[in-house]
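Trainee: Encoded as structure tokens, here's the structure I'll be asking about.
Rule-based calculations on the coordinates, nothing more; no lab input. Model, not experiment: these values are computed from the prediction. Using ideal geometry, Cβ is built from the backbone for each residue, glycine included, and neighbour counts are taken over all protein chains shown.
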Amino acid sequence: MMVRQLLFVIILWLGLLARAQNKQLMYDFTEIPQALLLNPGMETDFKWYSGIPTLSGLSIQAGSNGLSVNDLFANDGLDFNDKVRDKVIQGMSYRDEFSSTLQLEILNGGYRSKDPSVFYSFGVYAESDVIMYWPKDYGILAFEGNADKLNERFDLGHLNARGEVLSVFHFGMNKRMDNNLILGARGKIYSSILDFNSTNNTGYFETTDGQNNILSNTLRADMQLRTSGINAIETAEDDGNVPATIVKRGFFGGNLGLGLDLGFTYHFNRQMVLTGSLLDLGFIYHANAVENFTLDGSATTEGIEIILPDALLNPTQDFWEDLVDEIEALVPFEETTKSYMTFRPTRLYASLRYNFGESTENPKACDCDYSPSGRTNNILKYRNSVGGQLYVIKRPRGPQGAITAFYQRRFGNFMATKATYTVDKFTFTNVGLGISLQAGPINLYLMADNLLAYRNIAASNYASFQFGLNIISWEKK
Amino acid sequence: MKKIRTYFWFVCSLLLMLSCMEEQDFDQYDDLSITPTFEASILFLEVPERTINLISGLNTYSQSFNFDAFAEDIFSERVLEGVLTYQIENTTSKPLEIIIEFLDEAGVVLDTEMFQIDPEPIAILHREIAYGPTGKSIDIIRNTSGITLTAINLGDNTSTSSQPNALISLKSTGKFTVRLK
């Protein structure tokens, strides 16, 4: 029962998205303060804002481009083993991935400086990010074995996974340089709670015709798994103080790193706007609670070999133990506590937006129905915006991209919506919808992605959800 | 704050209610059967004719040795069936007998395989022994912890083969299906 639950959780949690971290709905949604985390150079017209602790921002994304829950567990009368063989073992490629991202804001706030062109924002959020590529050859080896697969190489490089849980302390500055250009930067301190990565593996396992014996098995491996924090949490589990250990490691008691976000907004004119940002240019240095495992070497075996007369020299020779020892010496499995550095999954966003609905310096003269009362006139809000966005993230097997077309519509000064259509290598049918509601100073936003999949959520390869609450002030600066 | 939470859960519930999901049957996981088949060489024995001739008066070579490959828990608790394949090639001038005995941890013989092979020019013997539902008891494999290998010269110690590099060789592989799930 536990195994079944675990499998379900893994598939649902690791198995619902592959474009983890693409927040195309949130990006450049200027009514929502959290959009500053995606572009520190975003247009802002808030005087100050404060996120409601732990409720200001929650985003969950999970998925797999190669597999959905429905693929395996649909009550369709098909043999489950055939489905696993067809959809997973044979159906998925080593480039297919399972990934998930969770981000929970613990604290978030911002305020405008005495210099009204400068806006500061700061906060703390917890994040987990896991990505695992489908280890196809390991799957074939486990499901079918190596029998009758002469000269077929099982690529050990198919093992490619990494994951981390960390908290991020950040402080950002957003400055309007002139009427056309806004620049922003955000400094970050990462406090890693736990980390694991096994991303640069090479080698193979192969069965060939033997030279002496019938078959020869060759293992050539250069593999490593690096971890930090996991053994600290295991120890805490034994001691019964896991929460305290996680909190401690999340508040500078773990491994630390530094990062930087950069962003800009540029107005070609009042209606045409270009934005861009580069996020998480940073690293974490893991020196605390580190545990690494390596398998490095090459060995070929044809079983126990007894060749006379040499074997007569030592009649008590333990051929089996000698063989095991020889292989272990040739391909040693070692454990180290050597420090290591990881680089954050850097992300790039860019967008080109066209605003329409006549607008003037005086909102009252605008024929649009959006009037940002209480706000300054140097940022004009148009009733409609349309445009395209680009997203690229650095992943272990190279950059992954997505393009998005969006339409944004504002209804009075109490609601703004954004609809997106996103295309990437995983799906051509990702339609998302985001809404920001303003009730006095209370701002509530809600975003959901891949809405077409809600026709059968179990068949979805991807699901994402974002929610948050803020208190915003637009008092005269 | 309470109102906000209520609103949040209301929205989540609405989203879930509006979504649909075809009937799923997670009990299918119980039907999953993972039974890969692995194969590898097990034992290689080589005795040149000149070595046989060197040991005059002693026509039997016997060696018992530890063989825990089958006794490892990860294998013995999961093995379902398998085949041991032997290939014996004799290019010496002597008829030979080879006996392979599988022993348990206490040294008790669990199974014996005997091969008699003719002398040159080239005698090749190929034999496959199945273990499991269609063959001998798989418990022989599960409980094997050692092997005794005996080679008996049924000829003389003086004759020489007309074949170059005359020798007798025993090759063997194991091909076993194990249950991982």
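Trainee: Can you work out ³J(HN,Hα) from phi for every residue in segment A:158-165, in order, using Karplus 6.51 cos²θ - 1.76 cosθ + 1.60 and θ = phi - 60°, giving whole Hz and x for Gly and Pro?
Mentor: 5, 7, 8, 8, 7, x, 7, 10
Trainee: Which residue, chosen from B:ILE52, B:ILE124, B:PHE102, occupies the Cα position most advanced towards the positive end of the dipole of segment B:30-178, where the dipole is computed from +1 (Lys, Arg) and -1 (Asp, Glu) charges on Cβ about the Cα centre?
Mentor: Farthest along the dipole direction, towards plus: B:ILE52.
Trainee: What do the square roots of 5 times the Cα gyration tensor eigenvalues come to for chain A, in whole Å, largest first, as semi-axes of the equivalent ellipsoid?
Mentor: Semi-axes (√(5λ), whole Å): 52, 25, 19.
Trainee: Other chains near A:214-226: what is the mean number of their Cβ atoms within 10 Å of each residue's Cβ? Before the final figure, lay out the partial values.
Mentor: Numbers: counts 11, 10, 2, 4, 0, 0, 0, 0, 0, 0, 0, 0, 0.
What the average comes to for A:214-226 is 2.
Trainee: Can you grab the distance from the C-alpha centre of segment A:270-343 to the C-alpha centre of segment B:93-137, Å, no decimals?
Mentor: 38 Å
Trainee: Further question on the same structure: Within 10 Å of each residue's Cβ, count the other Cβ atoms and sort B:LYS181, A:LYS47, A:LYS114, A:LYS87 from fewest upward. Mind showing how you got there, number by number?
Mentor: Working: B:LYS181 12, A:LYS47 19, A:LYS114 6, A:LYS87 15.
Ascending number of Cβ neighbours within 10 Å: A:LYS114, B:LYS181, A:LYS87, A:LYS47.
Trainee: Note down the magnitude of the dipole of segment B:54-175 about its Cα centre, charges +1 on Lys and Arg C-beta and -1 on Asp and Glu C-beta and zero elsewhere, to the nearest 20 debye.
Mentor: Working: 7 positive and 17 negative charges, 63 e Å.
Magnitude of the dipole: close to 300 debye.
Trainee: Sorted by average packing, counted as other Cβ atoms within 10 angstrom per residue and highest first, what order do B:143-151, B:109-117 take? Intermediate values should be presented prior to the final figure.
Mentor: Details: B:143-151: 19.6, B:109-117: 14.8.
With the highest mean Cβ count within 10 Å placed first, the list reads B:143-151, B:109-117.
Trainee: Across the residues of B:66-73, average count of Cβ atoms on other protein chains within 10 Å?
Mentor: Values: counts 7, 7, 4, 5, 0, 1, 0, 0.
Mean partner-chain Cβ count within 10 Å for B:66-73: 3.
Trainee: Moving to a separate point now. Assigning unit charges at the beta carbon (Lys, Arg +1; Asp, Glu -1) and nothing else, what dipole magnitude in debye, to the nearest 20, does segment B:43-82 show about its Cα centre? Provide the component values of the computation, followed by the final result.
Mentor: Numbers: 2 positive and 7 negative charges, 63 e Å.
Magnitude of the dipole: close to 300 debye.
Trainee: Name the residue from B:SER159, B:VAL83, B:ALA40 whose Cα lies farthest towards the positive end of the charge dipole of segment B:30-178, charges +1 on Cβ of Lys and Arg and -1 on Cβ of Asp and Glu.
Mentor: B:SER159
Trainee: Hey, what do the phi angles of segment A:285-299 turn into as Karplus ³J(HN,Hα) couplings, whole Hz, using 6.51/-1.76/1.60 and θ = phi - 60°, x for Gly and Pro?
Mentor: Per-residue couplings from phi come out as 9, 9, 10, 10, 6, 8, 9, 10, 10, 10, 9, 9, x, 8, 8 Hz.
Trainee: Order by neighbour count: A:THR316, B:THR51, fewest other Cβ atoms within 10 Å first, most last.
Mentor: Numbers: A:THR316 7, B:THR51 18.
If I rank by nearby Cβ atoms, fewest first, I get A:THR316, B:THR51.
Trainee: Counting only other chains, what is the mean number of Cβ atoms within 10 angstrom of the Cβ of each residue in peptide A:204-212? Walk me through the intermediate numbers first.
Mentor: On the way: counts 0, 0, 0, 5, 0, 0, 5, 1, 6.
The mean count of partner-chain Cβ atoms within 10 Å per residue comes to 2.
Trainee: Taking the Cβ-Cβ separation of A:ASN200 and A:ASN151 as r and a Förster radius of 25 Å, what is the calculated FRET efficiency to the nearest 0.05? Numbers along the way, then the final one.
Mentor: Numbers: r = 26 Å, r/R0 = 1.04.
E between A:ASN200 and A:ASN151, to the nearest 0.05, is 0.45.
Trainee: How far apart, in nm, are two points set 7 Å out from the Cα along the Cα-to-Cβ line at A:PHE465 and at A:TYR421?
Mentor: Here the answer is 2.7 nm between the modelled labels.
Trainee: Treat the count of other C-beta atoms within 10 Å as a stand-in for reagent exposure and order A:PHE29, B:PHE38 from fewest to most. If you can, show how the numbers build up before the last one.
Mentor: Numbers: A:PHE29 24, B:PHE38 19.
In order of increasing Cβ crowding within 10 Å: B:PHE38, A:PHE29.
Trainee: Could you sort A:233-246, A:393-406 so that the peptide with the highest average Cβ count within 10 Å comes first and the rest follow in order?
Mentor: Numbers: A:233-246: 13.4, A:393-406: 16.4.
Going from most to least packed, we get A:393-406, A:233-246.
Trainee: Once every DSSP H run of n ≥ 4 in chain A is given -39500 (n - 2.57) and the sum is divided by its residues, what mean residue ellipticity at 222 nm do you get, rounded to the nearest 500 deg cm²/dmol? Present the calculation step by step, with values, prior to reporting the outcome.
Mentor: Values: 7 runs with 59 residues, N = 477.
Roughly -3500 deg cm²/dmol at 222 nm, from the helical runs in chain A.
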